[in-house]
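Contents: one structure, followed by commentary.
The values are calculated or read from the model by the stated rules, or taken from the named source; none is laboratory data. Note that the coordinates shown come from a computational prediction; the quantities given were computed from them, not determined experimentally. Cβ: placed from backbone, ideal geometry, glycine included. Neighbour counts: every protein chain shown. Areas reflect the complete protein model, heavy atoms only, side chains present, ligands, DNA and RNA absent. Shrake-Rupley method; radii C 1.70, N 1.55, O 1.52, S 1.80 Å.
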Amino acid sequence: MYGSVLVFLIAIAIQALAPRSVEPSWSAVEVAHQVLYPLAAWAALRIRFRGLMARALHNETAARELRAGFSGTVQAYQGVMLVPFALLQYATHYPGLVSRPLGAHSAVLGSAAGVLPFILLLCVLWWESYPLQGVLFGRSGTRAGFVRSHGRMEFPVLVPWLALMGLLDVLAELWPAGYAALEGNPLLQLLYAPVFLVLVGIFLPVLVKVMWGCEPVPPGPLRDRLEGLCARLGLQVREFLYWPLLEGRVMTAGIVGLLPHFRYLLLTPALVELLSPEEIEGVVAHETGHVRHRHLWFYLLFFVGYVCLAAIFFRISEAAFAWWGTASPEVLRQPQASLYTSAAMTVGLLALLFAYFRLLFGAVSRAFERQADAYALEATGRPGPLVSALERVSFHSGDIRDLPSWHHGSIAERVDFLLSAARNPRLLEAHHRRVRRLTALFVLGTLGAAGLAVALHTDPLDRGLQRFVAERGLLHRVSQAPEDASSWFLLGSLYQEVGKESQAESAYLEALRLSPRHPQALNNLAWLYVTSREPGRYRPERALALAELAAATSRSPYILDTLAEARWRTYDRQGALEAIDEALARNPENRGYYLGQRQKFLTESPRP
């Protein structure tokens, strides 16, 4: 299940970051291009699974190995399907022809269309893996039923994301101002994601119950035993459910729901048929351990942590591309620049996603599984029920005892831990201490990431980062092209904006050395001289000469405003009024400012 969540998160990220800036059109070549990658993937899957089927039919040892790893093989190929999906998104015009037009009308439609090719690729994968499943385990049900069963298991992961898109559609329709504020405020976007995740964690189990086709455990010995055990362990659940996972053949159990009123204990029919009542008690005690140690809340916190890390990654990536665009503007003007930047952003985000969940989440999840095993040992007083259940499941699942699992660990490792802890109870407390340290470090790390994400999207750090990036980019630019007057002018403007008057003056003078009639450099240096608070740099007469040169080149309102200011500072009130009146006659955007300037020239006297 965790692997499926990870795969779908990657698919969502791929389609969300796919470039949509082009204006393509449908053509026979474009249709053929879009069909190519899915068909190539289908052909590759058919060849691969038929090859595996041939091995299983002619070699019993290979069949045993394939039986043990069948679920993992299908899960791995779900990840492989991301490759043709990414090619479709980046190497064709599918986003511009399908996702973007639909997204312009509805976020739900655009998002669903974006991820639809991946859903179809998964259906092809399950369709082609069905014959191998029949050879390994015996045919059960139809091919279409096999695909449908996998879909019911996997696709509910997409529901929260589509629900969020739907909420955005509703907000845009009912409260356009609020939607605009949300879209334009990165801080609000950071805050609503954790809130939405909490709501999903609380209410999604109700939806999952329906979509997975779960049915209540009927009255009888099993239900009585489950109710008695939960009462003894203090586990509150809304219902005990049969979980027909993959047509009921999978042997597993689970617990979903953050709050007792929306919490369900799930048992697959195959597991109930296989295990004895005592072994089922061991399994239920293990699931109770997840609740008692609040693992479900920590799992939710992991997703919040990823949101924070992704926000930091995007902000830093934006800064990196801003530096690149400032330092080498001609690069981002290339026809394929948006494709390359989107692809680079996607690769970085996927690397972060993989490292975060497979490495960090995987390590903590394995520790949580051991803690839940430890709780089962403590609750039942002996390792036998859970150990026996694990051994029986591993044998009947194709002898998967030593099969590694990135989020659970192997069954052999879990059994060894339980037996060792039963002989040496101090191992239990040692593991509890380890988990407490891990969770404390993770909570502190998440809070730190959240704080940094918020800081990077709000002043003063946000503005400071923008200025730093722009300065570094411009310094690189002038070092690479020291004869470019425009680069020196932009660097001077940046320095002037942050109050570094000495550096601004030097940059403007260099720009004017290279281009003596550069109107913006003349204007800005004149404004610097005429408004400076530093006695040695306040030069109204020099400012007037520069402003006159700038005005002789351009009669833009902002240049005329500088000229008016310089004349007023040199006690030429009439000349100042003439210049500001001409600026007003040109209908400047910020007319109120110019009227304020005119009033100042009429009623005030310049400082000496």
If I model a spin label at residue 545 and residue 206 as a point 7 Å from the Cα along the Cα→Cβ vector, what separation in nanometres do I get? 7.9
Rounded accessible area of residue 538 (nearest 10 Å², 1.4 Å probe): 40
Summing +1 for each Lys or Arg and -1 for each Asp or Glu, what net charge is found among the other residues whose Cβ lies under 10 Å from the Cβ of residue 399? +1
Which order do you get for 446, 458 if you rank them by accessible area with a 1.4 Å probe, largest at the top? 458, 446
Round to the nearest 10 and report in Å² the accessible area of residue 454, as given by a 1.4 Å probe over the protein chains' heavy atoms. 50
Which whole-Hz couplings ³J(HN,Hα) result when phi for each residue of the stretch 579-594 is put into the Karplus expression 6.51 cos²θ - 1.76 cosθ + 1.60, θ = phi - 60°, listed in order with x for Gly and Pro? 5, 6, 5, 5, 4, 5, 5, 8, 6, x, 5, 8, 5, x, 4, 5
Mind jotting down a quarter of the surface of the convex hull over the alpha carbons of the stretch 435-589, in square nanometres, one decimal? 12.9
Judged on accessible area alone, 1.4 Å probe, highest first, 593, 356 line up as 593, 356
Förster radius 25 Å - calculated FRET efficiency between residue 572 and residue 595 (Cβ-Cβ, nearest 0.05): 0.80
Express the Stokes-Einstein translational diffusion coefficient of the stretch 123-164 in µm² s⁻¹, to the nearest whole number, given a Kirkwood radius over alpha-carbon pairs, 25 °C and a viscosity of 0.890 mPa s. 218
Please give the helix 159-174 orientation as an angle from the longest Cα principal axis of the chain, in degrees from 0 to 90, rounded to the nearest 10. 40
What do you get when you divide the Cα radius of gyration of the stretch 344-501 by 2.2 N^0.38 Å, with N the number of residues? 1.79
Would you calculate, for the chain, the mean residue ellipticity at 222 nm contributed by helices, counting each DSSP H stretch of 4 or more residues as -39,500 (n - 2.57) and dividing by all residues, to the nearest 500? -25000 deg cm²/dmol
Mean projected area (nm²) from the convex hull of Cα positions in the stretch 80-185 is 8.5
Where the centre of each part is set by its Cα atoms, how far does the stretch 529-608 sit from the stretch 408-442, in angstrom? 76
Could you give the length gained by full extension between residue 603 and residue 391, i.e. 0.36 nm per residue of separation minus their alpha carbon distance, to one decimal place? 67.0 nm
Give the dimensionless ratio obtained when the Cα radius of gyration of the stretch 502-591 is divided by 2.2 N^0.38 Å. 1.04
Dipole-positive endmost among 35, 47, 70 within the stretch 1-128 (Cβ charges, Cα centre): 70
Would you mind telling me the antiparallel percentage of the DSSP bridges in the chain, rounded to 5? 60
Identify the chymotrypsin sites (Phe, Trp or Tyr not before Pro) of the stretch 72-157 meeting these criteria: DSSP loop state and at most 11 other C-beta atoms within 10 Å of the C-beta. none
Lys, Arg +1 and Asp, Glu -1 on Cβ, resulting dipole of the chain about Cα centre, debye, nearest 20: 800
Need the full-extension length gain, residue 434 to residue 503, defined as separation in residues times 0.36 nm minus the C-alpha distance. One decimal, nm. 19.4 nm
If one computes P(r) from the Cα atoms of the chain, what percent of pairs lie at distances over 42 Å? 43
The percentage of the accessible area of the chain (probe 1.4 Å, all protein chains present) made up of carbon and sulfur atoms, to the nearest whole number, is 62
Using only the heavy atoms of the protein chains and a 1.4 Å probe, how would 459, 581, 402 rank by accessible area, largest first? 402, 459, 581
Quick check: the angle from helix 107-137's long axis to the longest principal axis of the chain, C-alpha only, nearest 10 degrees? 30
From the backbone phi of the stretch 560-576, what are the Karplus-calculated ³J(HN,Hα) couplings (6.51 cos²θ - 1.76 cosθ + 1.60, θ = phi - 60°) in whole Hz, Gly and Pro given as x? 5, 5, 5, 4, 4, 4, 5, 5, 5, 5, 9, 6, 9, 4, 5, x, 4
Around residue 562 (Cβ within 11 Å, Cβ-to-Cβ, excluding residue 562; K/R +1, D/E -1) the net charge comes to -1
With 14 Å as the cut-off, how large is the P(r) tail for the stretch 463-508, expressed as percent of Cα-Cα pairs? 43
Rounded to the nearest 10 Å², what accessible area does residue 307 show when all protein chains are kept and the probe is 1.4 Å? 40
Which one, 284, 602, 546, is farthest towards the positive end of the dipole of the chain when Lys and Arg carry +1 and Asp and Glu -1 on their Cβ? 284
Report the normalised scattering of the stretch 202-252 as log10 I(q)/I(0) at q = 0.29 Å⁻¹, calculated by the Debye formula with identical scatterers on the alpha carbons. -1.12
Just the number please: accessible area per residue for the chain, 1.4 Å probe, all protein chains included, in Å². 47
Distance between Cα centroids, the stretch 448-474 to the stretch 78-133: provide it in whole Å. 35
Within the P(r) computed for the stretch 1-72, what percentage of the Cα pairs occupies the region above 18 Å? 67
